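Data block below; observations after.
Every number here is computed from the coordinates shown, using simple stated rules; none is lab data. Since the structure is predicted, the reported quantities are computational estimates derived from the model, not experimental observations. Note that we place each Cβ from the backbone using ideal geometry, even for glycine, and neighbour counts take in every protein chain shown.
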Amino acid sequence: MVGALPPQLASLNRSNIAVQELVVKGHLERDREAIYQAMALDPLTAAVCSLDEIWQMTDDMFAANERWLPQFA
């Protein structure tokens, strides 16, 4: 245990954890929309891609992984 994080680091962790939790929720509930939202909320993705690009990238990811994610086909 290292103790409490400084507020700025805790905030950075929370923003990333929120994205990860949304992806897990989307997978467990088979909610494709939640996964689109998680992709759009990812700080790096949102910084370099438009929403249309994010949606297309997510569709491409689902298509490329259809073998392992048949519930999203």
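Using the Karplus curve 6.51 cos²θ - 1.76 cosθ + 1.60 with θ = phi - 60°, what ³J(HN,Hα) values do you get for each residue of region 19-31, in whole Hz, with x for Gly and Pro?
5, 5, 5, 5, 5, 4, 4, x, 5, 5, 9, 6, 10
Which ³J(HN,Hα) values in Hz, rounded to whole numbers, follow from the phi angles of region 59-66 under the Karplus curve 6.51 cos²θ - 1.76 cosθ + 1.60, where θ = phi - 60° and Gly and Pro get x?
Each residue of region 59-66 in turn: 4, 4, 5, 4, 5, 5, 10, 4 Hz.
Rounded to the nearest 500 deg cm²/dmol, what is the calculated helix-only ellipticity per residue at 222 nm for the chain, with -39500 (n - 2.57) per DSSP H run of length n ≥ 4? Please report the intermediate quantities before stating the final value.
On the way: 4 runs with 52 residues, N = 73.
-22500 deg cm²/dmol, from helical runs alone.
Hey, rough spin-label estimate for Met61 and Thr45, points 7 angstrom out along Cα→Cβ, what's it come to in nanometres?
My value for the distance between the label points is 0.3 nm.
How high is the FRET efficiency between Glu53 and Leu9 when r is their beta carbon distance and R₀ equals 25 Å, given to the nearest 0.05? Walk me through the intermediate numbers first.
On the way: r = 29 Å, r/R0 = 1.18.
The formula returns an efficiency of 0.25 here.
On average over all directions, what projected area in square nanometres does the chain have, based on the convex hull of its Cα atoms?
Details: hull surface 24.8 nm².
Taking a quarter of the hull surface, the average projection is 6.2 nm².
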